[in-house]
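Got a structure here, written out as structure tokens. Questions coming.
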């Protein structure tokens, strides 16, 4: 009887958009279209805005966050390069005229690190500037002043055209490769059990979101699992031990569950 009630309670759909999304989202092949749709809408995607004008960065960030993007900011090219080296960036909005290192020089260096879609943003609207940008590998070009809504629409279009597959999660020296199912810290492979790996991936896909034990049980173990919440706590303890110096990334949220806290 007790197990029946547990099973029934898990089949109830939670209220609210976020909980409904988390409850229904899964990472098995038959549901990959859900991941694709969320990528196109901005969820799980990291956007880097590079512009020396703070007000412009603020406006872009405001609109991007509404669409579900996690936004990184840089006020010069050198800072942008450092962010790309230490984070998994999916799309870049890059200004041309900046101190220390201009947009063209930054773009050239970025392309040697990783092939990330770039939208160039500039007050210079001459044909030469646009052609040079496209020759260097940008995906789109917008001239200031611009419509923030149109810019975000172009970010979505660029993302869709590139159909970029999220194949890894990077935070400092922690790397999760979703294709190879390999987790590394300081370039050393960290042995994880299948369940530890699944939990870590689910946290990474939902970083900075408080996840209840019920959600973790449903998504990792499945609706037909007959165990209790202590199963989650046990595996979280094991995962923390496996992560070593990164164990504190998994934060206990009192009264709810856990959260992967990425600053």
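The values are calculated or read from the model by the stated rules, or taken from the named source; none is laboratory data. Note that the structure is a prediction, hence the values are computed from the model and not measured. For neighbour counting, all protein chains shown are included, and Cβ atoms are generated from backbone atoms with ideal geometry for every residue, glycine included.
Output the residues belonging to segment 35-51 that are buried (at least 16 other Cβ atoms within 10 Å of the Cβ) and at pLDDT below 90. Full working, then the answer.
Looking only at segment 35-51, we keep the residues that are buried (at least 16 other Cβ atoms within 10 Å of the Cβ), and these are 35, 38-39, 42-51.
35, 38, 39, 42, 43, 44, 45, 46, listed by residue number.
In the set 13, 30, which member is at pLDDT below 85, surrounded by fewer than 19 Cβ atoms within 10 Å (Cβ to Cβ) and part of a loop (DSSP other than H, G, I, E, B)? Before you say what the answer is, go through the steps one by one.
On the way: 30 fails: part of a loop (DSSP other than H, G, I, E, B).
From the options 13, 30, the qualifying one is 13.
Oh, and also: Do you know which residues across segment 217-253 are closer than 22 Å to residue 168 by Cβ and touching a residue at least 24 places away in the same chain (Cβ under 8 Å)? Break it down into steps so the answer makes sense when it comes.
First, pick out the residues of segment 217-253 that are closer than 22 Å to residue 168 by Cβ: 219-220, 239-240, 242-250.
Passing the criteria: 219, 220, 239, 242, 243, 244, 245, 246, 249, 250.
Tell me the residue from 183, 175 that is under 28 Å from residue 50 (Cβ atoms), in the same structural domain as residue 248 (by TED's automatic domain parsing), touching a strand residue (DSSP E or B) at 6+ places or on another chain (Cβ under 9 Å) and assigned to a strand (DSSP E or B), please. Give the derivation first.
On the way: 183 fails: under 28 Å from residue 50 (Cβ atoms).
Result of the check over 183, 175: 175.
From the residues in segment 140-160 that are farther than 13 Å from residue 91 by Cα and touching a strand residue (DSSP E or B) at 6+ places or on another chain (Cβ under 9 Å), which one is surrounded by the fewest Cβ atoms within 10 Å (Cβ to Cβ)?
150
Does at least one position in segment 101-122 carry a residue that is touching a residue at least 12 places away in the same chain (Cβ under 8 Å) and at positive phi?
no
In segment 178-209, what residues are under 16 Å from the mean Cα position of the chain (by Cα), modelled with pLDDT of 90 or more and surrounded by fewer than 19 Cβ atoms within 10 Å (Cβ to Cβ)?
201
Run down 119, 78, 92 and say which single residue is farther than 21 Å from residue 170 by Cβ and outside any loop (DSSP other than H, G, I, E, B).
Values: 78 fails: farther than 21 Å from residue 170 by Cβ; 92 fails: farther than 21 Å from residue 170 by Cβ.
Unique residue meeting the criteria: 119.
Identify, please: which residue in segment 122-152 is modelled with pLDDT of 85 or more and either in a loop (DSSP other than H, G, I, E, B) or not assigned by TED's automatic domain parsing to the domain that holds residue 51 (or both) and is, among those, farthest from residue 58 (Cα to Cα)?
Result: 137.
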